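Read the figures in this text as sums done on the coordinates, not as results from a lab. For clarity, every value in this text was computed on a predicted model and none was experimentally measured. We place every Cβ from the backbone using ideal geometry, glycine too, and count neighbours over all the protein chains shown.
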Amino acid sequence: MVAELAPNLATRTQHLPPAVWPPRKRWTREECRTLDSTGIWDRERLELIEGHLLTRMSKKRPHVIAYVLMLEWLTQVFGALYLNPESPIDVAPEDNPTSESEPDFAVLTKTATEYTTGNPAPSDIRLLIEISDSTLAFDLGPKARLHVHRDPANGSYSTVTTCDETQTLTPLTAPAALLNISAILPPRP
């Protein structure tokens, strides 16, 4: 009897309407600040990107090693007071209501102690660095609208360069500084 019902069931399901995803809540920065002030997210590691609250990934050892090596280089080149590590920044004005990204490093034009209220604005940022291993596809997509991205215009970068460990980079904001890419990569096992 089950065998007789199976063809009828298959026929009925073929005429179902297309799948519709339930509506999602798009968050604003103000809504997130209000909820955060209640303490409800005290143990959550969240980041607001394009209206979506994303759980920040835990860092694996290669990420931690690259982070520490990059921190040492940035401190030597720019000075520790100009670094804004893993802290919110303001992005393009049209994205401000729904994005508050937290790159691994932002190098600022003023010392970090001068930002007593509010986030550094786009004009206050000299250099952004996002270290990525397991989240590279996302970091190069919605989060990064870095490889090396230069010449921003109209919400995208007109120059994107991929470098390997044999190359060096020179930040546009510190033309005398050279970064040996191999010096910030974790050792291979």
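Between Ala176 and Arg150, how many nm apart are label points set 7 Å from Cα along the C-beta direction?
1.9
Taking amide H atoms as placed 1.01 Å from N in the peptide plane, list the residues 5 or more away in sequence, or in a different chain, whose amide H sits under 5 Å from that of Arg126.
Val107, Leu108, Thr109
Given charges of +1 on the Cβ of Lys and Arg and -1 on the Cβ of Asp and Glu, with all other atoms neutral, how large is the dipole of region 59-184 about its Cα centre, in debye to the nearest 20?
200
I'd like to compare 117-123, 158-164: which one has the highest average count of other Cβ atoms within 10 Å, and what's the full order after that?
So the order, starting with the most tightly packed, is 117-123, 158-164.
By the gyration tensor of its Cα atoms, with a ≥ b ≥ c the square roots of the eigenvalues, what is the shape of region 59-184: rounded for a/c under 1.5, prolate for a/b over b/c, or oblate?
In terms of gyration-tensor shape, rounded.
Quick one: Val148, Val77, fewest Cβ neighbours within 10 Å first, how do they rank?
Listed from fewest to most nearby Cβ atoms, that is Val148, Val77.
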